[in-house]
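Chemist: Sharing a structure with you now.
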Amino acid sequence: MAASSLILNSSLSSSSSSKQTHIIKASINIPRRVAPRISVPGFGAAEELKLHNFTDKQTQLSPLTIKRNESDGPDRVVMAKLYAILEAVADRVEMHKNVGDQRNNWNTLLLTSINSITLAAATMAGIAAISAGEPALALKLSSTAMYVAATGMLSIVNKIQPSQLAEEQRNATRLFKQLQNQIQTILSAGNPTIVDVKEMMDKVLALDRAYPLPLLGGSMIEKFPATVEPAVWWPQQRRKQSRANTGYNGWNRKLEQDMREIVSVLKIKDEEEYLRLGEKAMNLNKILAITGPVLTGLAAVGSALVGSPSHGGWAVVLAVAGGALASVVNTLEHGGQVGMVSEMYRSNAGFFKLMEESIESNLREEDLGRRDNGEVFEMKVGLQLGRSLSQLRDLAAAEAVDEFASKLF
């Protein structure tokens, strides 16, 4: 216990008399005893606070202690922002899934409906050719009207390509689920930063731009572009935060050389091959998309001329054969889902382009502390390509590569 302090204050008062009086005032100040903060292993912050208050209810935690306790955990504002992004991503997953199912149903129902209308019109045109009088006229007019309706419907369906729309939404659902898992991993790892929030926001907005939901207003992805380009659903690669005391961070000259060789193989073999296949699928789809409405339009003309004295023979052939061929073309295009195949190839090419950019961004970064850990990054590349680490190194070491980098697709 600290020694008591004695404060002596003296005052001398004099009067007209010769007698002097000494007045002595003394006060003793004893400091209040402050109970020490007790820390017990196994007790949480709440239990320690209760124990501390039990010792001295009037004693409060100092601002310094409160600040230190708050800084030990993650920033609550950052956590709240990440949870808000996570909720938005989960909503987009469900939304794109529902829209994808809806557009897949469009493809099935429109294919069945248009084929039914076309075949019914061809049948009516054939019956009208062997009939006479008012029944023949009714059948002819009905057949012509159905062909005109089928032509309009085919033109719209071939423009929007429902099978390709469904594939776009399936890709968006998968990528948003992937982003959802990334955010959950960051939250479970603890101590996220504002940089993580910015990165996740950029990824969400990039996915929204890559896979739009509206069909009108120019937002829809062009189904027949001049050239097929890889799908891009990621934001621009940014520099990562520097990590202290990482040393070489798992990187060495051999690993850097292997990654450069893998990028070269991805560009020359995998990405180029899928762009070539996507170009072929798109050209085939374009031919089928033009041929279908042309055939139904010609069939409509033939159906209108059925029974004409000068054009009756070839008009019947055109009406019946045109309708049958249009049904075959429509089945090949939408039943075979050629648009979906074209989108799948474009998406695969985008997958390899993303891998190339990810590897190149790490190799361009001179500060090793800002790179992804080399050993972990090599394992990720191997998993994405469906290869073991030994197979990945053999691929990089090969002088003449005759195989594709990816073994998955």
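The values are calculated or read from the model by the stated rules, or taken from the named source; none is laboratory data. Predicted, not measured: the structure shown is a model, and the values here were computed from it. With ideal geometry, Cβ positions are generated from the backbone for all residues, glycine too; neighbour counts draw on all protein chains shown. Side chains are part of the model used for accessible areas, which takes the heavy atoms of the whole protein and leaves out ligands, DNA and RNA. Shrake-Rupley method; radii C 1.70, N 1.55, O 1.52, S 1.80 Å.
Chemist: Within 10 Å, count the other beta carbons around each residue, average over each peptide in 314-322, 341-349, and list them highest first. Kindly include the intermediate steps, with their values, before the conclusion.
Modeler: Numbers: 314-322: 20.0, 341-349: 23.3.
Going by the mean number of other Cβ atoms within 10 Å, highest first, we get 341-349, 314-322.
Chemist: Another question, then. In 10 Å bins starting at 0, how do the alpha-carbon pair distances of region 299-386 split up by percent?
Modeler: 14, 21, 15, 12, 11, 10, 10, 5, 1
Chemist: If you average over every viewing direction, what projected area does the convex hull of the Cα atoms of region 203-311 give, in nm²?
Modeler: On the way: hull surface 49.9 nm².
For the Cα atoms of region 203-311, the hull's average projected area reads 12.5 nm².
Chemist: Can you give the accessible area per residue of region 280-335, in Å², using a 1.4 Å probe? Can you show the working numbers first?
Modeler: Numbers: 2460 Å² over 56 residues.
Ligands and nucleic acids excluded, the figure is 44 Å² per residue.
Chemist: May I pose another question? Order 247-258, 136-147, 157-168, 99-110 from most to least packed using the mean count of other Cβ atoms within 10 Å. Write out the running numbers ahead of the final one.
Modeler: Working: 247-258: 14.1, 136-147: 20.2, 157-168: 22.8, 99-110: 16.6.
Highest to lowest by the protection proxy: 157-168, 136-147, 99-110, 247-258.
Chemist: Express the carbon and sulfur contribution to the solvent-accessible surface of region 273-409 as a percent, rounded to the nearest whole number, probe 1.4 angstrom. Could the numbers behind the result be given before it?
Modeler: On the way: 4010 of 6400 Å².
Here carbon and sulfur together make up 63 percent of the probe-accessible area.
Chemist: May I pose another question? When the Kirkwood radius is taken over all Cα pairs of region 151-255, what Stokes-Einstein diffusion coefficient follows at 20 °C and 1.002 mPa s, in µm²/s? Let's see the in-between values first.
Modeler: On the way: Rh = 17.2 Å.
So the translational diffusion coefficient is about 124 µm²/s.
Chemist: Still on this structure, please answer the following. Relative contact order (percent) for region 239-361, with alpha-carbon contacts under 8 angstrom and 6 or more residues of separation?
Modeler: On the way: 97 pairs, mean separation 46.4, N = 123.
Contact order relative to length: 38 percent.
Chemist: Right, something else. Could you go through region 321-330 in sequence order and give the Karplus-derived ³J(HN,Hα) for each residue, using 6.51 cos²θ - 1.76 cosθ + 1.60 with θ = phi - 60°, rounded to whole Hz, and x for Gly and Pro?
Modeler: For region 321-330, the Karplus-derived couplings read 5, x, x, 5, 5, 4, 5, 5, 4, 5 Hz, x marking Gly and Pro.
Chemist: Tell me, rounded to the nearest percent, the portion of alpha carbon pairs in region 320-363 spaced more than 17 Å apart. Kindly include the intermediate steps, with their values, before the conclusion.
Modeler: Numbers: 531 of 946 pairs.
Every Cα pair in region 320-363 considered, those over 17 Å come to 56 percent.
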